[in-house]
Structure formats: C-alpha cells, structure tokens
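Presented below is the structure to which this report refers.
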Amino acid sequence: MNIIGQLGRNVMQSIAKLGDATLFALATLRLFFAKPWQGKHFVMQMYAVGVGSLIIIVITGAFTGMVLALQGYHMLVKVGTEALLGPWVALSLIRELGPVLAALMFVGRAGSSITAEIGIMRVTEQMDALEMMAVNPQARVMLTRIIACAISLPLLVAIFDMVGLFAGYLIGVEMLGVNGGVYIGETIDKVGMIDIQAGITKSIYFGLLVGIICTYMGQRATATTEGVAKATTRAVMLCSVMVLILDYIITSFYL
Amino acid sequence: MSGYKKIEMVVGIFVLIGVMSIAWLAIELGGVGGLGSNGYKLVAVFDDAGGVRKGSDVMLAGVPIGQVVSVTLKDNEEAEMVFNIKEGVLIASDATVSIRTKGLIGEKFVRVNQGSEEDYLAEGDEFEDTESAINIEDLISKYIFSGETK
C-alpha cells in the first residue's frame, strides 16, 4: 500500500513541477518586451552559449557526416545503389542527426553550464544582490539565456549540417570514389524544402526547451554545493531525454 | 568596453555564418527559386498514372524541364496531370508523354518525347498522345497466363 502511495506522491510532484516550470517559462518569456531591453546581455549570452559551442559542433558535424558516408556506402554498394549516397547522407543529417546530435552536444556544453552558473549565483546570493540593485534577475539572467539558446541552436544546427555535408562529400567522392556529379545532383534532387524546414523547426524548439529546462533547474536548485551538482545532472539528463521525445513528436508531423 | 566590442563582433560573425548556412541549405538543396517557380502549365491525361506524384520530374531528352504540379482523377476513369514547364523550353504540338522509371527500382518520372511539328504547345494546352506507366505486375501476370494457355 505504501509503495502505491509513494508512486502517487511522485506523480503528483512531477505534475506540480511541470506546472511550475511552465509558469516560470511564461513569466520569463513575457519579460522579453519589458524595459530595460537587455541587448548587451543577449549578445554576451550568445557568445557564451553559441560561439562557445562552435568547435564541438564542427567536430561532431564533420565526423557524423564522415561516418554516415562510410556506413552508407558499404550498405548501398551491396544493392548497387551507391549513387544514392549523397541523399542518404544529406537527408539523415538535415532531418535527424543534425538537430538531435547538435542539441545533445549543446546540452552538454551550454546547458550544463547555464544550470551550474545560475545555481551558484543563488548559492552566493548574487540573485538577491541583483535585485538590491534594482535589476530584475529573471530578465537579466534567465530570459537572456533562454533566448540565446533558442537563437544559437538553429544556427549551430545549420553549421553542423553544412560541415557534415562537406565531410560526407569528401569521404564519399574523394575517398570511396562515388561519382562527384551524381553525388551532388542526386542530393539536390532528393532534398526538398520540407526537409530543411523540419530540421530548422526542430532545432528552434530544442533550443527553447534546453534554455527553459536549464534555467529552471538552476533557479530551483537547493542552495547548497550538492544541490547545484544534483540540479546540473538532472538538467542534462532531462534535456537529453526531452530532446529525443520532442524529436519523435515533431518528426511525426513532418513525414 | 573594447572587450565587449570584440565579443559583439564575434557574435555577429557567428550569426552571419549560421544564417548563411541556413540560406545555403535552403537555396542549394531546398530548391527555393529553382524549378517550378516560373514557367507555363501543360496538361496530359493518362489511363494509369502509376506512381507519379506531385513534384515528380518532367524530363526531355533526359534533362529535367519541369515538375508535376498535380495528379487528379478525371471523369472517374482517367488520371489528369498538370505539369509546370520551365520558361524557354519549347515543346512541339505533336509531342507525346510517357511515364518511365529512373533505373530499375528508381522513382517514376514523366518523359516528354519531342515531336516534329513547327508550332509549339502554350499555357494550358493538352498533350495529344500519352503512354501510361508500364505495370511490371501486369506484365508478369500476362506472361504467366500466356504460358498456361499454351
């Protein structure tokens, strides 16, 4: 009986948390139009979150494209359709792997730092200090990070896709000897606007999701060293799982 | 302040690269502003549209010259297709169209066989003669049944 009661309590708690997070996100996003405009801080966050993740995105993008080309070639060559290697690499990258892998990398690189930073700001009472200086911490700290995530991730995904496509071309055409003209022609032929739209739409939602979850977890972390560590771990875990779940949902709309 | 200016620059470059990547993907791969944006429409009626869909290629001499805009049912028995043909491509009025397959298991496309008349098809004209898709299953069943009757 006790176990069932515990389960019920857990479910109720999770629902309460979900509601809390939603209210938090709405209250924060509403501050977008509030004055003073946090322009400078948006730019600073874009630098920290977006430019900071650039290197890891380029590296993962390149190797994803390369391994896709390698795997795809060895599979397609068995049925004599290696001419389809271009679309194989491009569609896998643009529709699925670009948004998802970039988002997962982004969670690890930027999301974790957001949660930890906000958590530590609370531990060291910097939030209260901001408020004392008549600065709204929700607008200055939370909103700037959420918006920076929502803008940076689509840009990072586009860069990821581009790097991946070039890497795939290098492996497919230069190393494995697929005809270059056929590779590019088939790719342009098979990739449609809807594929690119699907990829970019996904990444915007992922960016918002990562921003909201990570700031929320930081904000609600217990104000101890251990609390911050736990919140960071939870934020990364939750973001990763939610990205994959949301990916399935959005993909089902775009097929 | 100079430190912040530098950050501003870097972020600007980052955004520029990102936006350019999206634009490149959309224009090069997505085909925005490519085929189908301008041109003229032609109509053809087939007994069997056999796998041709909206967006399938229309080819002349193996070169893509347009796309299928719509495939609809006409008089409850035939398939009516509307093609969008690229500006500047002239198709003789006695040209015929047939449905073909790219490679052995590739996708279906519409092949235009150029005619010899001097006058050309214009916006809204219909092809005189069409050849429907070859249905492999029909061929196989024909072969099997002809074997039985012998």
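The values are calculated or read from the model by the stated rules, or taken from the named source; none is laboratory data. The shown structure was predicted, so the numbers you read here are calculated from the model rather than taken from an experiment. Counting neighbours? That spans all protein chains shown, and the Cβs are built from the backbone with ideal geometry, glycine included.
With respect to the numbered conditions (1) at pLDDT 85 or above; (2) within 14 Å of chain A (Cβ to nearest Cβ), which one is the sole condition not fulfilled by residue B:73?
Only one criterion is unmet by residue B:73, namely (2).
Residues are listed down the side, and each one gets a yes or a no for (1) crowded, with 20+ Cβ neighbours inside 10 Å; (2) within 13 Å of chain B (Cβ to nearest Cβ):
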| residue | (1), (2) |
| --- | --- |
| A:170 | no, no |
| A:176 | no, no |
| A:180 | no, no |
| A:196 | yes, yes |
| A:203 | yes, yes |
| A:206 | yes, no |
| A:226 | no, no |
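Residue A:150: more than 14 Å from the chain's Cα centre (by Cα) and surrounded by 19 or more Cβ atoms within 10 Å (Cβ to Cβ), yes or no?
No.
Looking for something of a type outside the set (D, E, K, R), part of a loop (DSSP other than H, G, I, E, B) and closer than 24 Å to residue A:191 by Cα - is there at least one such residue anywhere in the stretch B:118-125?
Start the filter on the stretch B:118-125 by keeping residues that are of a type outside the set (D, E, K, R), which leaves B:120-122, B:124.
The next check asks that each one be part of a loop (DSSP other than H, G, I, E, B); those that pass are B:121-122, B:124.
Okay, now just the ones that are also closer than 24 Å to residue A:191 by Cα, so none.
Taking every residue of the stretch B:118-125 in turn, none turns out to be of a type outside the set (D, E, K, R), part of a loop (DSSP other than H, G, I, E, B) and closer than 24 Å to residue A:191 by Cα.
Under 19 Å from residue B:27 (Cα atoms) and in contact (Cβ under 8 Å) with a residue 60 or more places away in the chain: is that true of residue A:165 in this structure? Before you say what the answer is, go through the steps one by one.
Working: under 19 Å from residue B:27 (Cα atoms): yes; in contact (Cβ under 8 Å) with a residue 60 or more places away in the chain: yes.
The answer is yes for residue A:165.
Yes/no per residue for (1) assigned to a helix (DSSP H, G or I); (2) within 19 Å of residue A:219 (Cβ to Cβ); (3) at pLDDT 90 or above:
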| position | (1), (2), (3) |
| --- | --- |
| A:8 | yes, no, yes |
| A:18 | yes, yes, yes |
| A:22 | yes, yes, yes |
| A:35 | no, no, no |
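Of everything in the stretch B:34-61 that's more than 15 Å from the chain's Cα centre (by Cα) and modelled with pLDDT under 85, which residue is nearest to the other protein chains (Cβ to nearest Cβ)?
Here the residue is B:46.
Consider residue A:169 against the criteria (1) assigned to a helix (DSSP H, G or I); (2) farther than 17 Å from residue A:86 by Cα: it satisfies all of them except one. Which criterion is unmet?
Evaluating residue A:169 over (1) assigned to a helix (DSSP H, G or I); (2) farther than 17 Å from residue A:86 by Cα leaves (2) as the failure.
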